[in-house]
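> If you scroll down you'll find the structure; I have some questions about it.
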Amino acid sequence: MNQEQDVIRELQEIDEDIRWRAMQTRDARFDGTFLYGVRSTGIYCKPSCPSRRPRPQQVTFFHSCEAAEAAGFRACRRCQPRRADARDPRAEMVKRACRALEAHTEGTLSLAALGAELGISPSHLQRTFKSLTGVTPRQYAAAHRVSQFKARIKEGEAVTNAMYDAGYGSSSRLYENSNSELGMTPAVYARGGAGMSITYAIAGCSLGRLLVAATTRGLCAVRLGDSDAELEDILSSEFPAADIRQDEVALDEWIEPILQHLDGQQTSLDLPLDVQATAFQRRVWEELRRIPYGSTCSYGDIARRLGQPTAARAVARACATNPVALVTPCHRVIRENGDLGGYRWGMERKRKLLAGEQGSAVAVPSDADAGDKFLSPRNNSE
């Protein structure tokens, strides 16, 4: 497998992680390069908007105001994304490059041709583009092609037409990467996952409410929340076309080990899984399951184990999209400086999980405590 294919497989996680990080830190350098919409409010904003940060599952990204409004979102009154603010000229150049790449739907636009179109040297364009977005122009173009294909499929367009409209020159180019980029074949994606049969159960636990869902092949979702309605809404939105039914009895043999795990009675969870993942996500999740009970490691540690030491942020994003909490223990991953980092199901739950696993032998790192790599009863000096 060549380097280009590896890049394409991992691009979505890296690209989305960059945008998510820029949004979380209100990085004004990215104003003009992308926008984010919040599904619960129907409003779209600039990355630097001072408004409260939404939950990841509520966010969708756009490349332009026109695209956001076409999707039914309205402009934020606080950050006024349509206002032509004075901005870093580098960001304006990157925005122009993005628009040029999006408009080029036949073949691959070379770096030299893109630079000539913008009146910029290829080396300066490459360096500036990557410094502001974290990806190269080629990687950006590949990600845009994938997103265009997905959008056309969701609108009901035939797979073949969507493929050519998105800029794929042949079906082999699309299908060779379909499992990693879509999580399923294009035909299944076009049906919205229709044909899946999912059974779920909800139980109370020390962390609130626990939802466990499974197909005939294994667990497809393990979620933590404050209410049954919240957890059911998340499940139905993730699998909108699936046949979903509640059955406490059928799931008892799987939900009981998880409850025992939370109570400290069972330190390992070796349960069958049926989850969709890109190649990069799958590698990250496999590494997470190798972290011993009662230990932690950093996002950087995981990236280095994967042979990609600069991919710590992409690892963090893969952790944030982990569909089976506890079974794949993403709560055991922290930042290099010892900060707990994020947790999809709430920081207080992450603290409780680590405290329960580590007991009194090792103090759970707070946001102010330092400590990286592994923290365990046998090794707490690093």
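> Only one of (1) free of Cβ contacts under 8 Å to residues at least 40 places away in the same chain; (2) buried (at least 21 other Cβ atoms within 10 Å of the Cβ); (3) part of a loop (DSSP other than H, G, I, E, B) fails for residue 328. Which number is that?
Exception for residue 328: condition (1).
> OK, next. With 70, 75 as the choices, which residue is out of contact with any Ser or Thr (no Cβ under 6 Å at 6 or more places or on another chain) and under 27 Å from residue 235 (Cα atoms)?
Of the residues listed, the single one that is out of contact with any Ser or Thr (no Cβ under 6 Å at 6 or more places or on another chain) and under 27 Å from residue 235 (Cα atoms) is 70.
> While we're here: Test residue 86 against the stated conditions and say whether it is at pLDDT 75 or above and either farther than 30 Å from residue 237 by Cβ or surrounded by 14 or more Cβ atoms within 10 Å (Cβ to Cβ) (or both).
no
> Additional query: Go through the stretch 218-243 and report how many residues are more than 24 Å from residue 348 (Cβ to Cβ), touching a strand residue (DSSP E or B) at 6+ places or on another chain (Cβ under 8 Å) and surrounded by fewer than 16 Cβ atoms within 10 Å (Cβ to Cβ).
Residues in the stretch 218-243 being more than 24 Å from residue 348 (Cβ to Cβ), touching a strand residue (DSSP E or B) at 6+ places or on another chain (Cβ under 8 Å) and surrounded by fewer than 16 Cβ atoms within 10 Å (Cβ to Cβ): 3 in total.
> Same structure again: Which numbered condition in (1) at pLDDT 80 or above; (2) closer than 18 Å to residue 19 by Cβ is the only one that residue 114 fails?
Single failed check for residue 114: (2).
> Residues in the stretch 316-360 that are of a type in the set (S, T, N, Q) and under 20 Å from the mean Cα position of the chain (by Cα): how many?
3
> Have a look at 251, 288, 306 and point out the one that is hydrophobic (A, V, I, L, M, F, W, C) and closer than 18 Å to residue 210 by Cα.
Sole residue among the options that is hydrophobic (A, V, I, L, M, F, W, C) and closer than 18 Å to residue 210 by Cα: 251.
> Still on this structure, please answer the following. Restricted to the stretch 275-287, and to residues that are buried (at least 17 other Cβ atoms within 10 Å of the Cβ) and under 21 Å from residue 254 (Cβ atoms), which residue is farthest from the chain's Cα centre (by Cα)?
275
> Next up: Pick out the one residue from 313, 305, 290 that is charged (D, E, K, R) and within 16 Å of the chain's Cα centre (by Cα).
Exactly one of 313, 305, 290 is charged (D, E, K, R) and within 16 Å of the chain's Cα centre (by Cα), namely 313.
> Further question on the same structure: Quick check: is even one residue across the stretch 15-33 among the polar types (S, T, N, Q), within 30 Å of residue 280 (Cβ to Cβ), under 22 Å from the mean Cα position of the chain (by Cα) and modelled with pLDDT of 85 or more?
Within the stretch 15-33, not a single residue is among the polar types (S, T, N, Q), within 30 Å of residue 280 (Cβ to Cβ), under 22 Å from the mean Cα position of the chain (by Cα) and modelled with pLDDT of 85 or more.
The values are calculated or read from the model by the stated rules, or taken from the named source; none is laboratory data. These numbers come from a predicted model, not from an experiment. Note that we place each Cβ from the backbone using ideal geometry, even for glycine, and neighbour counts take in every protein chain shown.
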